[in-house]
1. Quick one: count up the residues across segment 101-138 that are free of Cβ contacts under 8 Å to residues at least 12 places away in the same chain and surrounded by 14 or more Cβ atoms within 10 Å (Cβ to Cβ).
2. May I ask you to list the residues in segment 124-142 that are closer than 22 Å to residue 27 by Cβ and assigned to a strand (DSSP E or B)?
3. Just one of (1) modelled with pLDDT under 95; (2) more than 13 Å from the chain's Cα centre (by Cα); (3) assigned to a strand (DSSP E or B) trips up residue 153, so point out which.
4. Answer yes or no as to whether residue 74 is in contact (Cβ under 8 Å) with a residue 12 or more places away in the chain, exposed (fewer than 15 other Cβ atoms within 10 Å of the Cβ) and touching a strand residue (DSSP E or B) at 6+ places or on another chain (Cβ under 8 Å).
5. Suppose we keep only residues that are more than 15 Å from the chain's Cα centre (by Cα) and touching a residue at least 40 places away in the same chain (Cβ under 8 Å) within segment 35-57. Which one would you say is surrounded by the most Cβ atoms within 10 Å (Cβ to Cβ)?
6. Would segment 2-20 turn up any residue that is modelled with pLDDT of 95 or more, surrounded by 13 or more Cβ atoms within 10 Å (Cβ to Cβ) and either within 21 Å of the chain's Cα centre (by Cα) or not in a helix (DSSP H, G or I) (or both)?
């Protein structure tokens with residue numbers, strides 16, 4: 001009985017002092033924006049499938065997983081929106097049938113100001129991982145981050161100038177912008 005009480009005290013103490021928090025997947029999301037070489041822009045959202053974040057004197061750390069099957073297009077409605085969603089989920093872009101999740105995991109961070117951090121991490125898309133650096137702002141239970149990744153590094157080739165020549169006004173810019181909003185439990 002004494003051992004059980006001791007274990008309970010240790011567990012409760014750990015929970016009380018731990019700064020690790022889970023991500024509320026119902027209130028967190030990623031807004032994505034892609035651009036063509038012309039002025040055409042497409043955007044939409046992705047849902048978070050899981051994640052945990054620690055914020056302490058050492059900075060921000062953690063891992064967040066994104067549900068690629070949840071990809072939706074928000075700038076087009078009806079048939080055209082569904083067609084673009086299908087195309088983005090296909091092997092031309094993110095191969096969602098094969099790679100149902102993407103992730104970002106922090107490797108280090110540096111405090112810039114009271115609520116702002118520069119974060120270094122590893123972004124994994126289509127099973128391919130590359131380092132990435134981005135800024136994070138913490139406001140109470142909400143974390144916001146803006147980052148840009150080069151899709152060509154993750155074998156997303158469709159109409160990419162990194163893989164094909166003479167695309168003219170059909171070229172799709174390799175950089176994809178992400179606005180991440182995480183609400184912590």
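The values are calculated or read from the model by the stated rules, or taken from the named source; none is laboratory data. The structure presented is a predicted model; accordingly, all values stated were derived computationally and were not measured. Please note: Cβ atoms are built from the backbone with ideal geometry, for glycine as well, and neighbour counts cover all protein chains shown.
1. 1
2. Correct list: 134, 135, 136, 137, 138, 139, 142.
3. Unmet condition: (3).
4. Spelling it out, residue 74 is indeed in contact (Cβ under 8 Å) with a residue 12 or more places away in the chain, exposed (fewer than 15 other Cβ atoms within 10 Å of the Cβ) and touching a strand residue (DSSP E or B) at 6+ places or on another chain (Cβ under 8 Å).
5. 55
6. Applying the first criterion (modelled with pLDDT of 95 or more) to segment 2-20 yields none.
No, that holds for no residue.
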